[in-house]
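Structure provided below as structure tokens; questions to follow.
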Amino acid sequence: MRVPSRLRPSPHLLATGLLATGLLAGSLLAPSPVASATPGAGAAAAGAAASATRAATAATAATKPKPAKTSATEARRLSRVKTPKLGWTRCPSSYRDSRLRCSWLTVPLDYDKPTGAKLKVRLLKNPATDRAHRIGSLFVNPGGPGGSAVELAAEASSMFSPALRRQFDIVGMDPRGTNASSPLRCFSSTAAQTSALSGFAVGFPVTAAEQKAHLRSAAALARACANRGRATASAMSTAEVARDMELARRAVKDSKLNYLGFSYGTYLGEVYANLFPDRFRVLAIDGVIDPTTWAGTSANRNTPLTARLRSAEGSWKALKELMRRCDAAGPTRCDLAGGTRTAQQKFALLADRLRAHPLQTTDGTISYALWISYVGQELYDSTAGPQLMTTTAQLLAATDSSAARSASTAALQRALARTLHEARQIRGLGYDDSQESYSGVQCSDGLEPSSPSAWAGAARKADAAAPYFGASWTWASAPCATATWKAHDEDAYRGPFTKRTAATILVVGNTWDPATNYANAQRVDTLMPNTRLLSSRSWGHTAYGTSSCVTRAVDRYLLTRKLPAYGTTCTGAYQPFAGSASSRTAATLQKSIAADAAAGPLG
């Protein structure tokens, strides 16, 4: 099942190469009726072992360490801001559900100047269906940076279980500077933006000329955001969003925060937990970012944020396993299997062909960069593996210069090219601030190299460690080179991330997650003193909804604060190649890829 189209980020990110690099949770699925919970094995076992060790340590400890409290500095910042009154009204008619309620939250641009400039932050509430047993508000965030929490809350009926929707108002707050919340706009017009960002149009840069063009556009974006967009861009760190969420918690009259964050939304949860360690009831994070790699340290600051995240390694690990399973399934169940080459060798052959000679058709060009971006996005979908292998097999045939050029091959070439070409053209429909939102948050949060030239070397190194995906991920943060990005948030939070919280945090990690490497969940479970790791052997980005095992464990925690047993590992209800291989005509394939392309990135 795919995320509803209203939730998907703009196709602009598809065209700019963030298709495979944003962090929006792209696979928040409805609960599946099939589930299993088993002891950990393989990578999941390592996380389970760490949790078990902590369980033993806790059991033998004579006294429990005291939880941390909100610092005097943060307490003072928030206490000086009067709790806003929310004016909930029916949401605009574009939302079909008449139960939805919308409001604006007025927040300080700078919490150190509470009576100074203000921003308007958009809230949407999807009311609990059982008002008599309502627990409170559950704040949700889908990731990004720049994904719309408002849209996630609006789609709660297809994203979250009935159990959660019965007892929680599902509340989405679009982070400041994004979507409807005083969006960051660094250019005076769509034309100016399109011209300045033209170097991003190839996906991610491969050739030396493309790299120069990409860096020119990255510098142009940085200059524009430091000038026209400076006021907002200098106040977009995740710490500011966490403070806004704390203000929103007070505004909805909850004594403690209830929070569920996916992907980049896990970093928001981690920052909130360390700024306000005694102010949440439950906090669950799924598709986990290691906060020390996002924020950066003195040891890793000379590596671009998008390289040190290890997301590319997650993508490569997932693709390798998918191709291994394809070979094991054989040609009756996987279209890329069979013959003298393995699936991995065939994929490499296709990549080499597209790198050397992009596929030219009357309906556009399929380049290596656009193909890898498409593959990265498909890996976000928990059920897309077999179709990805089918598409790879068909494109391999379409690029075979020795094969007879049949009408069906030509149709397939045109269908693929037309879809990707049309996705790029969507950018012309109006001003698209998704790139500004993404960079505004990322460049405010993380320590980055000074020189833009650092990205080329880092991309080569990343591609060596994680073929195909290393460069595509690395280049996404190029606008953040500190020599060019001059809009700085002095109140950004960069740690420590080791505060002992009063309530236990539920950390959810998926072994085959292509964007938020499972190793991140293990790292956070070790780094933060009061956590519980729930592992899942499932596919796609994030784990909630991939099995009733995961969904019920997360739901039970959010509803009752009961944690899964130490070492719990779920298995996704869907596993690739359980059925026969798919076979589609070029027209059907075109329709499928069009839907995928419109989905945009993650994040």
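The values are calculated or read from the model by the stated rules, or taken from the named source; none is laboratory data. Source: prediction; values computed, not measured. Every residue, glycine as well, gets a Cβ built from its backbone with ideal geometry; the counts of neighbours run over all protein chains shown. Each accessible area value is taken on the protein alone, full model and side chains, heavy atoms only, with ligands, DNA and RNA left out. Shrake-Rupley method; radii C 1.70, N 1.55, O 1.52, S 1.80 Å.
Is there any pair linking a residue in the stretch 191-203 that is within 13 Å of Ala476 (Cβ to Cβ) to one that is open to solvent by less than 20 Å² (accessible area, probe 1.4 Å) and assigned to a loop (DSSP other than H, G, I, E, B), with Cβ under 7 Å and at least six apart or on different chains, and which?
Hits for this filter: Phe200/Gly17; Gly203/Gly17.
When the stretch 444-462 is examined, which residues are found to be under 21 Å from Asp290 (Cβ atoms), part of a helix (DSSP H, G or I) and either without any contact (Cβ under 8 Å) to a residue 24 or more places away in the chain or open to solvent by less than 10 Å² (accessible area, probe 1.4 Å) (or both)?
Scanning the stretch 444-462 gives Ser444, Asp445, Trp455, Ala459.
Kindly indicate whether Gly172 is of a type in the set (Gly, Ala, Ser) and modelled with pLDDT of 95 or more.
yes
A further question follows. Looking at Tyr544 and the list (1) in contact (Cβ under 8 Å) with a residue 24 or more places away in the chain; (2) open to solvent by 10 Å² or more (accessible area, probe 1.4 Å), which single condition is not satisfied?
Every listed condition holds for Tyr544 apart from (2).
If we scan the stretch 490-502, do we find a residue that is touching a residue at least 40 places away in the same chain (Cβ under 8 Å), open to solvent by 10 Å² or more (accessible area, probe 1.4 Å), over 29 Å from Leu164 (Cα atoms) and among the aromatic types (Phe, Trp, Tyr)?
yes
This table checks each residue for (1) of a type in the set (D, E, K, R); (2) open to solvent by 40 Å² or more (accessible area, probe 1.4 Å); (3) under 25 Å from Pro291 (Cβ atoms); (4) modelled with pLDDT of 95 or more.
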position: Val507; (1), (2), (3), (4): no, no, yes, yes
position: Trp512; (1), (2), (3), (4): no, yes, yes, yes
position: Ser548; (1), (2), (3), (4): no, no, no, no
position: Val554; (1), (2), (3), (4): no, no, yes, yes
position: Leu558; (1), (2), (3), (4): no, no, yes, yes
position: Leu563; (1), (2), (3), (4): no, yes, yes, yes
position: Gln590; (1), (2), (3), (4): no, yes, no, no
position: Ile593; (1), (2), (3), (4): no, no, no, no
position: Ala597; (1), (2), (3), (4): no, no, no, no
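Hey, among the residues in the stretch 314-351 that are in contact with a Phe, Trp or Tyr (Cβ under 8 Å, 6 or more places away or on another chain) and among the charged types (D, E, K, R), which one's farthest from Pro145 (Cα to Cα)?
Top of the filtered list is Arg333.
Here is a list: Gln193, Gln211. Which entry is closer than 13 Å to Asp432 by Cα and either in a helix (DSSP H, G or I) or touching a Leu at 6+ places or on another chain (Cβ under 7 Å) (or both)?
Gln193
Quick test of your reading of the structure: Ala519 fulfils all but one of (1) open to solvent by 10 Å² or more (accessible area, probe 1.4 Å); (2) without any contact (Cβ under 8 Å) to a residue 60 or more places away in the chain; (3) aliphatic (A, V, I, L, M). Name the failing condition by number.
Every condition holds for Ala519 apart from (2).
Can you tell me which residue is surrounded by the most Cβ atoms within 10 Å (Cβ to Cβ) among those in the stretch 221-274 that are hydrophobic (A, V, I, L, M, F, W, C) and in a loop (DSSP other than H, G, I, E, B)?
Met236
Tell me, which residue of the stretch 165-190 that is in a loop (DSSP other than H, G, I, E, B) and among the basic types (Lys, Arg) is nearest to the chain's Cα centre (by Cα)?
My answer is Arg176.
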